[in-house]
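Step one of this worksheet: look at the structure below.
The values are calculated or read from the model by the stated rules, or taken from the named source; none is laboratory data. These numbers come from a predicted model, not from an experiment. Reconstructed Cβ throughout: ideal geometry from the backbone, glycine too, with neighbour counts over all protein chains shown.
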Amino acid sequence: MTPAPIEIIYDGECPFCSAYIRMVRLRDAIGPVKLTDARKNRDAVAQLCAANIDINETMAVIYGGRYYAGARAIEILSLLSSGSGFLNRLFAILMRNPRRADFFYPLLRSGRNSVLRLLGRDKINM
């Protein structure tokens, strides 16, 4: 059985988002993954807007025809990841549980937003 295609839409200028995308070893676990930098793909941003997802406040995952954003996106990525590597295993343990994902995600998002402001990065045009 062929796994469902997965697309991750993220902020390519966010150092945390980019590092997380590199860290999660989805290809090892499920095969091809489409990575979409929202800053370079207006169609992806429009698609998220139509789904009421603000890419400036979250990353998004499209998997099995469904949209996942924020804590749910991190949770689904943790569930699908290979779990290899110390940081990948640690993050998976923390984020596979919906309650823990709901607790930690706002902290991660706040840190991300603070770093983007400190780096002088503008929001993604919606």
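When only residues in the stretch 46-76 that are surrounded by fewer than 19 Cβ atoms within 10 Å (Cβ to Cβ) and among the charged types (D, E, K, R) count, which is farthest from Y105 (Cα to Cα)?
The extreme case among them is R66.
Take L79 and decide whether it is in a helix (DSSP H, G or I) and either under 14 Å from the mean Cα position of the chain (by Cα) or surrounded by 16 or more Cβ atoms within 10 Å (Cβ to Cβ) (or both). Even if it seems obvious, please write down each step before you answer.
Numbers: in a helix (DSSP H, G or I): yes; either under 14 Å from the mean Cα position of the chain (by Cα) or surrounded by 16 or more Cβ atoms within 10 Å (Cβ to Cβ) (or both): yes.
Yes; evaluated as a whole, the condition is true for this residue.
Could you tell me whether the stretch 84-95 includes any residue that is more than 15 Å from the chain's Cα centre (by Cα), at negative phi, polar (S, T, N, Q) and in a helix (DSSP H, G or I)?
no
Working carefully through the options D43, D28, find the one that is modelled with pLDDT under 80, surrounded by fewer than 18 Cβ atoms within 10 Å (Cβ to Cβ) and in a helix (DSSP H, G or I). Can you show your working first?
Numbers: D43 fails: modelled with pLDDT under 80.
Sole residue among the options that is modelled with pLDDT under 80, surrounded by fewer than 18 Cβ atoms within 10 Å (Cβ to Cβ) and in a helix (DSSP H, G or I): D28.
Give the stretch 84-126 a look and list any residue that's small (G, A, S) and without any contact (Cβ under 8 Å) to a residue 40 or more places away in the chain, or say none.
Those that are small (G, A, S) and without any contact (Cβ under 8 Å) to a residue 40 or more places away in the chain: A92, A101, S110, S114, G120.
Given the condition hydrophobic (A, V, I, L, M, F, W, C) and either at pLDDT 90 or above or under 23 Å from R117 (Cβ atoms) (or both), answer yes or no: does some residue in the stretch 76-91 qualify?
Our first condition is that a residue be hydrophobic (A, V, I, L, M, F, W, C); within the stretch 76-91, this holds for 76-77, 79-80, 86-87, 90-91.
Next, from what is left, pick out any that are either at pLDDT 90 or above or under 23 Å from R117 (Cβ atoms) (or both): none.
Among the residues of the stretch 76-91, not one is hydrophobic (A, V, I, L, M, F, W, C) and either at pLDDT 90 or above or under 23 Å from R117 (Cβ atoms) (or both), which makes the answer no.
Could you list, in sequence order, the residues of the stretch 98-122 that are loosely packed, with under 14 Cβ neighbours inside 10 Å and not in a helix (DSSP H, G or I)?
Passing the criteria: L119, G120, D122.
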